[in-house]
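To start, the structure itself, in structure tokens.
Any read-out appearing in this document is the output of simple, stated calculations on the displayed coordinates, not a laboratory observation. Just so we're clear, the structure is a prediction, and the values are computed from it rather than from any experiment. With ideal geometry, Cβ positions are generated from the backbone for all residues, glycine too; neighbour counts draw on all protein chains shown.
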Amino acid sequence: MALDAGSYHTVGATASGRVLAVGDNSYGQCEVGDWRDIVAVAAGSTHTLGLRADGRVVATGNNDDRQCEVDAWSGIQLP
């Protein structure tokens, strides 16, 4: 369904809404095993974002610049 690559990791979302990630996990950017109902993914250099079917966003990895602070985001839609 979706695929993206960061500087040192690759992430993909399956048709069932699960997410897979491989590569450098120094910042926890590959810690996506418990994500469900994901319809899109994006990979930064050291962080990963997922868009859930209900419009919420999840994130993991390096948060030094607060790039993973998306807990309050909702209503996000694909174009």
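Under the convention that each Lys and Arg Cβ holds +1 and each Asp and Glu Cβ holds -1, the size of the dipole of the chain around its Cα centre is about 240 debye.
Residues in segment 39-70 near a label at Ser26, defined as backbone nitrogen under 16 Å from the 7 Å Cα→Cβ point? Under 16 Å, as judged by backbone N against the label point of Ser26, lie 44-48, 61-65 of segment 39-70. Peptide packing: for 29-42, 64-77, the average count of neighbouring Cβ atoms within 10 Å per residue gives the ranking 29-42, 64-77, highest mean first.
Spin-label model, Ser74/Tyr8: points 7 Å from Cα along the beta carbon direction are separated by 3.7 nm.
Taking 22 Å as R0, compute the FRET efficiency from the Cβ-Cβ separation of Met1 and Ser45 and round it to 0.05. Before the final figure, lay out each step's value.
Details: r = 23 Å, r/R0 = 1.03.
About 0.45, to the nearest 0.05.
FRET efficiency for the pair Gln67 and Arg18, taken as 1/(1 + (r/R0)^6) with r the Cβ-Cβ distance and R0 = 22 Å, rounds to 0.45.
Sorted ascending by nearby beta carbons within 10 Å, beginning with the fewest, Leu3, Leu20, Leu51 become Leu3, Leu20, Leu51. Working note: Cα atoms of the chain, range along each principal axis, descending, whole Å: 29, 26, 22.
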